[in-house]
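Step one of this worksheet: look at the structure below.
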Number of protein chains: 2
Amino acid sequence: MEYAQLNALERLAGLLRNDQRRHATLSGLQMVHHDILDYLSRCNRYSDTLQAVAEYLGLTKGTVSQSVALLAEKGYIEKKPDAADGRIQHLCLAPAGQEYIWQSDVDTRSLFEEISVSPAYARVFGTILNDILWQIQARQGMKGFGMCRSCRHNKQQEDGTFLCGLTLEALTLEDTLKICREHEFAG
Amino acid sequence: MEYAQLNALERLAGLLRNDQRRHATLSGLQMVHHDILDYLSRCNRYSDTLQAVAEYLGLTKGTVSQSVALLAEKGYIEKKPDAADGRIQHLCLAPAGQEYIWQSDVDTRSLFEEISVSPAYARVFGTILNDILWQIQARQGMKGFGMCRSCRHNKQQEDGTFLCGLTLEALTLEDTLKICREHEFAG
DNA sequence: CAATTCTGTTTTGAAACGATACTATTTTTT
DNA sequence: AAAAAATAGTATCGTTTCAAAACAGAATTG
């Protein structure tokens, strides 16, 4: 990938970032809160724990513990104990949290929705973006926080549904698009 | 622009972000320090002030003042008083700061350099990215923090050099690619 | 020259953050 | 089955971020 393209991508990422920051500030939240809520909206049910959030964001669990406590107190997050493992608490988006993410999405979309990509290029653009994402996931050490779709544990079955070979649970198509902590790239 | 594309873009931006965070942490810096140094490496000589940094990052000047003080103390930034205006201090990257940005760039590049975009698509991809950037700048309220290249004050002269109609100073080609606080989109 | 605007600092209190130590639960080893 | 190790999360400490507000100096405006 060429330098000019990466540069443009970085600038775009920065603009997206500033947009998210503006939205977080308006809600009286810090960026890290936005990042936490955003992750929780994208991860699957095996990856919605404090530890996973900390790993994904590159923060210590102590730090995340505090921020999550605050988010829970403010009503953005609900902690639900795991049925099988007494150590684990699942972090679920409470209504206020879902509303926040939804609003953030609407805002960002409004920045981009009127951007016109010529129809001839539109499909190529989407294809390239997803191709790059796929390749990065493949490259990024094979382990952790990829989409189930590209995970070696994920198997499509005869009837079209999916099965995770690790948890032996059935997955819907939507499930396979979420971020999983146990992700291992399907070499 | 379609939803799937924006989604992929957001994911990519997130991955870039995590990469930057990792690099900042390894250098013992916070994300906000990375953002400040990154901005200073991209802005022009009219936009390297504390106030401009604060506006660009959406933080208060008090906050930025403290973080800049720390960066200066650690040797990443040098404060240079303005020749004409006694209130203004220019924030310049000291050698350590340039080294940090350079390293960060190398790291990020290494994540992307082996990503192969088929040559046929490569040019299209670059074109689309820059087109999107241009359109966002046009849309984003016309004012502030765009590249001189798209600014109405920037005029190309007969000999090929550039002139800023606001400051009446000559600009090099490189200058016109930097971020300027006074940017106004050339309708 | 007085009023206002602009740039930057300082202070205060809430919260982020890393480091460390800690408890509790599960898994692995012996 | 008991001991050890690994895992998930909390609590506490000191430093730093962050917003808000008060502040000081320099430039501009009237």
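Looking at this structure, is A:S65 among the hydroxyl-bearing types (S, T, Y), within 13 Å of DNA strand C (Cβ to nearest atom) and more than 26 Å from B:L57 (Cβ to Cβ)? Yes; evaluated as a whole, the condition is true for this residue. Remark: B:T167 falls outside the filter, which requires a residue to be farther than 24 Å from B:Y56 by Cα and polar (S, T, N, Q). Looking only at residues of the stretch B:77-99 that are within 11 Å of DNA strand D (Cβ to nearest atom) and aliphatic (A, V, I, L, M), we find that the one that is nearest to the chain's Cα centre (by Cα) is B:I88.
Among the conditions (1) away from chain B (no Cβ under 14 Å); (2) within 20 Å of the chain's Cα centre (by Cα); (3) part of a helix (DSSP H, G or I); (4) free of Cβ contacts under 8 Å to residues at least 24 places away in the same chain, the only one that A:A69 does not satisfy is (2).
State whether the residues of the stretch A:11-25 include one that is of a type in the set (S, T, Y), over 24 Å from B:Y39 (Cα atoms) and either more than 16 Å from DNA strand C (Cβ to nearest atom) or not assigned by TED's automatic domain parsing to the domain that holds A:T176 (or both). Among the residues of the stretch A:11-25, not one is of a type in the set (S, T, Y), over 24 Å from B:Y39 (Cα atoms) and either more than 16 Å from DNA strand C (Cβ to nearest atom) or not assigned by TED's automatic domain parsing to the domain that holds A:T176 (or both), which makes the answer no.
Against the list (1) open to solvent by 70 Å² or more (accessible area, probe 1.4 Å); (2) not assigned by TED's automatic domain parsing to the domain that holds B:H23, the condition B:R87 fails is (2).
Against the test of being more than 8 Å from DNA strand D (Cβ to nearest atom), hydrophobic (A, V, I, L, M, F, W, C) and farther than 23 Å from A:T176 by Cβ, the options A:L40, A:L59 yield a single qualifying residue, A:L59. Within the stretch A:108-128, the residues that satisfy the criterion of being without any contact (Cβ under 8 Å) to a residue 40 or more places away in the chain, within 9 Å of another protein chain (Cβ to nearest Cβ) and either of a type in the set (S, T, Y) or on the phi > 0 side of the Ramachandran plot (or both) are A:S116, A:S118, A:Y121, A:T127. With respect to (1) touching a His at 6+ places or on another chain (Cβ under 8 Å); (2) without any contact (Cβ under 8 Å) to a residue 60 or more places away in the chain, the lone exception for B:S104 is condition (2). Annotation: of all residues in the stretch A:1-37 being within 25 Å of A:V68 (Cβ to Cβ), open to solvent by 40 Å² or more (accessible area, probe 1.4 Å) and of a type in the set (S, T, N, Q), the one that is farthest from the other protein chains (Cβ to nearest Cβ) is A:S27. Put simply, of A:I136, A:I115 the only residue that is assigned to a helix (DSSP H, G or I) and open to solvent by less than 70 Å² (accessible area, probe 1.4 Å) is A:I136. The residues of the stretch A:45-58 that are at pLDDT below 95 and within 11 Å of DNA strand C (Cβ to nearest atom), listed by number, are A:L57, A:G58. Could you list, in sequence order, the residues of the stretch A:38-52 that are open to solvent by 10 Å² or more (accessible area, probe 1.4 Å) and over 18 Å from B:E10 (Cβ atoms)? If the condition is that a residue be open to solvent by 10 Å² or more (accessible area, probe 1.4 Å) and over 18 Å from B:E10 (Cβ atoms), then A:R45, A:Y46, A:D48, A:T49, A:L50, A:Q51 are the ones that fit.
Just checking, which of B:D85, B:D131, B:D105 is away from chain A (no Cβ under 12 Å) and modelled with pLDDT of 85 or more?
Numbers: B:D131 fails: away from chain A (no Cβ under 12 Å); B:D105 fails: away from chain A (no Cβ under 12 Å).
B:D85 is the lone residue from the list that is away from chain A (no Cβ under 12 Å) and modelled with pLDDT of 85 or more.
Note on the stretch A:139-165: residues that are surrounded by fewer than 16 Cβ atoms within 10 Å (Cβ to Cβ) and outside any helix (DSSP H, G or I) amount to 13.
The values are calculated or read from the model by the stated rules, or taken from the named source; none is laboratory data. Because the structure is predicted, anything quoted here is derived from the model rather than measured. Methodologically, a virtual Cβ is constructed for each residue, glycine included, from the backbone with ideal geometry; neighbour enumeration extends over all protein chains shown. All accessible areas refer to the heavy atoms of the entire protein, side chains included, with ligands and DNA or RNA removed. Shrake-Rupley method; radii C 1.70, N 1.55, O 1.52, S 1.80 Å.
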